[in-house]
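Only one structure is covered here, and it is reproduced in the block below.
A short reminder: the numbers here are calculations on the coordinates, not readings from a lab. Source: prediction; values computed, not measured. Here the Cβ positions follow ideal geometry from the backbone for every residue, glycine too, while neighbour counts run over all protein chains shown.
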Amino acid sequence: MHAHALTRRRHRRRPPRACLAVLPLLLWLGGCERPAPAAAPVQTGGATPVEAVEVLTGHLRRGDLAAFAHDALPADLAPALEQAWREDRTRWPLSELPLSAQLPTTLAALHDPHAERVLLATFDRQFAGADRELRSTARALAVFATQYLTQSPGFSDDERRHYTQLVAATGDWAAHAPLADRALAQATVEALTTAARRSALDGDAALGRAGMSAGLTRLSPLFVAGKQQLRAYGLDLDVSFDSVETTLASQTGDQARVRLRYLLDGRRIDAEIGVERTGGRWYVADFLRHARAAAAAPPASAPAP
């Protein structure tokens, strides 16, 4: 299932580090002097178009962001993305997540030693008891996001059709979710600050130093905590992941289309995803396109062509 950001570009694109090389396991049989068997090649993507989508869905269901990055792109693209991540040119695949541009600021806020008190004070001042205002805001944001998806050149037609359905479903959920409940807000702040501090990632610079593979591994518990807190507000993403149905819609050579159907807050999402074969394995085309663009992004100091 796609988990894309509604805002594709950050003020700087910043790619991740992925240590995808698997250390070979040398098996020496007792007393035998034969050479060790060659290590199996790193397998990424899917063996079929449908598997390419199902593998990524499974990683999101488990909250494993590093595994998602591993299987979303060919292994030979990983070093370039790792370099781009460490040079602060991208944060792919975090850029595939909603509101990814706000992640560094959010991490910094959650690491503040007074985060619980400050965030709850902000909630009390702006949101506590404001059910009607929050519902109105949720509807307005859904309208704005739909317009953005329609007009922004950064999305493929597949993404527009898919994300427009996601926006409508999440807008409906937000319009009746208990967003003004202070007890839920307090539990959410406590859960997220705990997970964020355990990651020891307090902003964008820390993400860059960690690298893609380690950074995504350390962020995964925060992603899981976020999913758990959404469940408390009535949006169970794991139920959505478990409801995913994938079927092959068409295939011509190295290009295929997979039909993706699932439920989001009880609302049926029905989309098609382009998938392409590279090096004998299948990958979601939009994810692969974004990853290639991130790996090729020039350093921030380089003048734009």
**Item:** Per-residue ³J(HN,Hα) for region 273-288, Karplus 6.51 cos²θ - 1.76 cosθ + 1.60, θ = phi - 60°, Hz, x for Gly and Pro
**Value:** 10, x, 10, 10, 9, 9, x, x, 10, 9, 9, 5, 4, 5, 4, 5
**Asked** Once amide H atoms are placed 1.01 Å from N in the peptide plane, what residues at a sequence separation of 5 or more from L264, or on another chain, have their amide H within under 5 Å of its amide H?
**Response** I269
**Prompt:** Arranged from highest to lowest average of other beta-carbon atoms within 10 Å per residue, in what order do the peptides 167-173, 197-203 appear?
**Reply:** 167-173, 197-203
**Asked** What is the ratio of the Cα radius of gyration of region 49-296 to 2.2 N^0.38 Å, where N is its residue count, to two decimals?
**Response** 1.05
**Prompt:** Under the Karplus relation 6.51 cos²θ - 1.76 cosθ + 1.60, θ = phi - 60°, what is the ordered set of whole-Hz ³J(HN,Hα) values for region 230-240, x standing for Gly and Pro?
**Reply:** 4, 4, 5, 8, x, 10, 9, 5, 5, 4, 5
**Asked** Over region 221-287, what is the relative contact order in whole percent, taking alpha-carbon pairs under 8 Å and six or more residues apart?
**Response** 21 percent
**Prompt:** Relative to the present Cα-Cα distance, how much length would full extension add between T150 and A175 at 0.36 nm per residue of separation?
**Reply:** 6.8 nm
**Prompt:** R0 = 41 Å: FRET efficiency of Q165 with D76, Cβ-based, nearest 0.05?
**Reply:** 0.75
**Complete:** Taking R0 as 30 Å and r as the Cβ-Cβ distance between R135 and E272, the FRET efficiency 1/(1 + (r/R0)^6), rounded to the nearest 0.05, comes to 0.40
**Request:** May I ask you to evaluate 6.51 cos²θ - 1.76 cosθ + 1.60, the Karplus curve with θ = phi - 60°, for each residue of region 120-137 and list the ³J(HN,Hα) values in order in whole Hz, giving x for glycine and proline?
**Result:** 5, 5, 5, 4, 4, 6, 10, 10, 4, x, 8, 4, 5, 5, 5, 5, 5, 5
**Request:** Using only alpha carbon pairs under 8 Å that are at least six residues apart, calculate the relative contact order of region 49-296 and give it in whole percent.
**Result:** 31 percent
**Message:** List residues of region 168-185, by number, whose backbone nitrogen lies under 18 Å from a label position 7 Å along Cα→C-beta of R231.
**Reply:** 178, 184-185
